[in-house]
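Participant: Have a look at this one before I ask anything.
Computed from the coordinates by the stated procedures, all read-outs in this text should not be read as laboratory data. Quick caveat: nothing in here was measured; it's all calculated off a predicted structure. Quick reminder, even Gly has a Cβ in these numbers, built from the backbone with ideal geometry, and neighbours come from all protein chains shown.
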Amino acid sequence: MDFHFEQLRAFVAAVDHGTFESAARELMVTPSAISQRIKALEQSVGRVLLLRTKPITITASGEIVLRLGRAVHLLGHDAALELHADDALTPSTPAVIPIVVNADSLATWLLPVLADIAAQESIVFDLAREDQDHSTDLLRAGSVMAAVTSNAEPVQGCTVRPLGRMRYRPIAAPAFATRWFEDGATAQALTAAPVVVFDRKDDLQDAYLRRRGVDPADPPRHHVPASADFATAVGLGLGWGMLPDAQSDAPLRRGELVVLDETGGVDVPLFWQQWRLHSRLLELVTTAVVDAARSTLH
């Protein structure tokens, strides 16, 4: 079967933007042109790649073609840079590298790394936020090219490199600790004290409670689904929560937070998974991320 660049480009744009109309605006063509290119691609492949819902739903066959479309885009950009290396010209459209990352890495150490790269290269990042235990699902689907994940088992077609460990400890505001934990982080206190949870996938607090013999369903819980706001909520006394050292060290030194249980820390190992693709830009990103993580994480 033959794959045509414009068909792949239309397909990727439709998946990323969710509708043919939005994809058409991105590529400056008509929605009809997007529809015709994707229909021709499906006829060439002999499979249905998209369900025409709103937003568009990608099929299992479509996930395979999506990975191909993203790879072709990135390799084409690499080739254009090499071809124009001598005359200082760069491609008019920057390379797009989609990455999935856990919220705490995004809020602490990762963004400065990506900003440094973007300041020097013709590149833009399409960041997806996902819990580190679930991020490899997006790699399998072809939605992203790389992931910061807690999964050391490589997704098919990917390589894995260790980044280090994010250390989390049960933290609270001093006044909150005085009110709820007068006798320390006992099972009785943990059963009654409100807890702050990131979202329904966040198991850090529940895992700590289980280790202390407490049913996670017992304490009242607040859901605060943003890393910086989560730390703010803990600092304001909304509840206690498991905070990474990168967020808690400074306020702990200032006396704005306290550690509830010095033995209750947990290390979450993080890994960088990326497509096994020989791309200069992707390797540049990988090297920078791995180097920064190893100098920042435990």
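Participant: Got a sec? Charge dipole of the chain, +1 on Cβ for Lys and Arg, -1 for Asp and Glu; which of 168, 61, 74 is way out at the positive end?
Facilitator: 61
Participant: Could you put 166, 1 in order, starting from the residue whose Cβ has the fewest other Cβ atoms within 10 Å? Show your work: numbers first, answer last.
Facilitator: Values: 166 26, 1 7.
So the ranking, lowest neighbour count to highest, is 1, 166.
Participant: Using only the Cα atoms of region 174-215, what semi-axes does the equivalent ellipsoid have when each is the square root of 5 times a gyration tensor eigenvalue? Give whole Å, largest first.
Facilitator: Working: eigenvalues 73, 33, 9 Å².
The answer is 19, 13, 7 Å, longest axis first.
Participant: Please work out the FRET efficiency for the pair residue 186 and residue 221, using the Cβ-Cβ distance as r and a Förster radius of 25 Å; give the result to the nearest 0.05. Before the final figure, lay out each step's value.
Facilitator: Numbers: r = 19 Å, r/R0 = 0.74.
FRET efficiency, residue 186 to residue 221: 0.85.
Participant: Given the peptides 66-73, 180-187, arrange them by the average over their residues of other C-beta atoms within 10 Å, most packed first. List each step's numbers first, then the result.
Facilitator: On the way: 66-73: 19.5, 180-187: 14.0.
Per-residue Cβ counts within 10 Å, averaged per peptide and sorted highest first, yield 66-73, 180-187.
Participant: If you don't mind, another one. Packing-wise, with mean Cβ within 10 Å as the measure, how do 207-220, 266-279 rank, highest first?
Facilitator: Working: 207-220: 14.8, 266-279: 18.2.
Final packing ranking: 266-279, 207-220.
Participant: Provide the net charge surrounding residue 102, with neighbours chosen by a C-beta distance below 9 Å and charges set as Lys +1, Arg +1, Asp -1, Glu -1. All intermediate terms of the calculation are to be shown ahead of the outcome.
Facilitator: Details: positive: 129; negative: 104, 130, 131, 133.
Around residue 102, the charge tally is -3.
Participant: Between 0 and 90 degrees, rounded to the nearest ten: what's the tilt of helix 60-83 against the longest Cα principal axis of the chain?
Facilitator: Taking the Cα atoms of the chain, the angle to 60-83 is about 70 degrees.
Participant: How large is the charge dipole for the chain, taken about the Cα centre, if only the Cβ atoms of Lys, Arg (+1) and Asp, Glu (-1) carry charge, to the nearest 20 debye? Spell out each step's value before the answer.
Facilitator: Numbers: 27 positive and 37 negative charges, 108 e Å.
In total the dipole reaches around 520 debye.
Participant: OK, next. May I ask you to sort 108, 136 by Cβ crowding, counting other Cβ atoms within 10 Å and putting the fewest first?
Facilitator: Working: 108 19, 136 23.
Ordered by Cβ neighbours within 10 Å, fewest first: 108, 136.
Participant: To the nearest 20 debye, what is the magnitude of the charge dipole of region 166-267 about its Cα centre, counting +1 on the Cβ of each Lys and Arg and -1 on the Cβ of each Asp and Glu?
Facilitator: Numbers: 11 positive and 15 negative charges, 11 e Å.
So the magnitude is around 60 debye.
Participant: Could you calculate the FRET efficiency of residue 212 with residue 179 from 1/(1 + (r/R0)^6), where r is the beta carbon distance between them and R0 is 30 Å, rounded to 0.05? Please report the intermediate quantities before stating the final value.
Facilitator: Details: r = 19 Å, r/R0 = 0.63.
Approximately 0.95, to the nearest 0.05.
Participant: Still on this structure: Could you give the length gained on full extension between residue 25 and residue 72, defined as 0.36 nm per residue of separation minus the Cα-Cα distance, in nm?
Facilitator: 14.8 nm
Participant: Taking 0.36 nm per intervening residue step and subtracting the Cα-Cα distance, what contour gain separates residue 228 from residue 59 on full extension?
Facilitator: Values: separation 169, 0.36 × 169 = 60.84 nm, distance 3.51 nm.
Value of the extension gain: 57.3 nm.
Participant: What full-extension length gain, to one decimal in nm, is calculated for residue 126 and residue 36 as 0.36 nm per residue of separation minus the Cα-Cα distance? Could you put the intermediate results ahead of the total?
Facilitator: Numbers: separation 90, 0.36 × 90 = 32.40 nm, distance 2.64 nm.
Contour length minus Cα-Cα distance gives 29.8 nm.
Participant: Then there is this: With only Lys, Arg, Asp and Glu charged, each at its Cβ (+1 for the first two, -1 for the last two), find how big the charge dipole of region 1-69 is about the Cα centre; round to the nearest 20 debye.
Facilitator: Numbers: 8 positive and 7 negative charges, 26 e Å.
The dipole magnitude comes to about 120 debye.
Participant: Could you state the number of Å between the C-alpha centres of region 181-214 and region 95-145?
Facilitator: So the separation of the two Cα centres works out to 30 Å.
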